[in-house]
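A short write-up of the structure that comes next.
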Amino acid sequence: MNNSVTNTARLLGAGLRALLVLTLVTGVIYPLVVTGIAQGLFHGRANGSEIKYEGKVVGSSLIGQQGYSLRYFQPRPANGLGENSVNTQYKLILSGATNRSGDNPDLLKWVKEAKAKVVKDNSVPGYTVKASQVPADAVTSSGSGLDPDISPQYAELQVHRVAERNGLSVAQVARLVRDHTDSRTLGFIGEPRVNVLELNIALKALMAKS
């Protein structure tokens with residue numbers, strides 16, 4: 001009887017010590033080490049990849065925004081997003097794709113209407129956009145609906161409109177696009193891309209100088 005109680009107490013004590021040690025290692029030391037490494041080596045990414053303009057956080061490089069006027073570069077459509085009256089900056093309560101098949105009548109209608117709008121919005125005196133020039137990312141939303149990037153082709157298609165509406169030269173705006181075009185990650189992952197928020201901030205800075 002005494003041996004049984006002693007063994008039980010010993011096992012409970014060992015289990016408690018193991019619990020305390022593992023709690024300390026996995027619940028305190030490990031998170032602190034990982035957080036320290038992240039803050040030291042990847043400070044920006046560890047804090048949400050925030051983008052600042054004039055000292056204020058205006059968004060994240062990971063999340064696209066909607067609602068830009070035609071003076072600015074337009075992002076991908078966001079047909080998969082929900083809307084609400086509380087979050088008026090992003091107007092969403094959920095993210096996701098439209099979940100329509102490639103031959104769905106609604107999706108075909110959306111794409112057709114979006115293409116016509118892209119052609120109309122970006123055609124300016126002396127430069128007419130053709131329907132064949134409109135890339136897929138200009139008329140379809142991404143899987144999340146929150147894609148922050150557009151293709152260089154879509155950015156270049158918008159150059160003449162942005163230049164005309166802001167009194168800038170086409171060369172100036174085209175240079176902005178080239179300067180903000182990121183190549184494939186590690187040279188082979190993904191596709192070249194342009195972050196719309198970063199590009200529009202650079203555009204706003206250029207307009208202020210002009």
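The values are calculated or read from the model by the stated rules, or taken from the named source; none is laboratory data. Values in this document were obtained by computation on a predicted structure and should not be read as measured data. With ideal geometry, Cβ positions are generated from the backbone for all residues, glycine too; neighbour counts draw on all protein chains shown.
A few comments on the model shown:
- The one condition from (1) out of contact with any strand residue (DSSP E or B) (no Cβ under 7 Å at 6 or more places or on another chain); (2) in contact (Cβ under 8 Å) with a residue 60 or more places away in the chain; (3) basic (Lys, Arg) that residue 161 does not meet is (1).
- Taking the stretch 1-60 as the range and being of a type in the set (A, V, I, L, M, F, W, C) and assigned to a loop (DSSP other than H, G, I, E, B) as the test, the residues that pass are 1, 42.
- Residue match in the stretch 113-130 (condition: surrounded by 14 or more Cβ atoms within 10 Å (Cβ to Cβ) and modelled with pLDDT under 90): no
- The one condition in (1) free of Cβ contacts under 8 Å to residues at least 24 places away in the same chain; (2) out of contact with any Gly (no Cβ under 7 Å at 6 or more places or on another chain) that residue 184 fails to fulfil: (2)
- For the criterion of being in contact with a helix residue (DSSP H, G or I) (Cβ under 6 Å, 6 or more places away or on another chain), modelled with pLDDT of 95 or more and charged (D, E, K, R), residue 71 passes.
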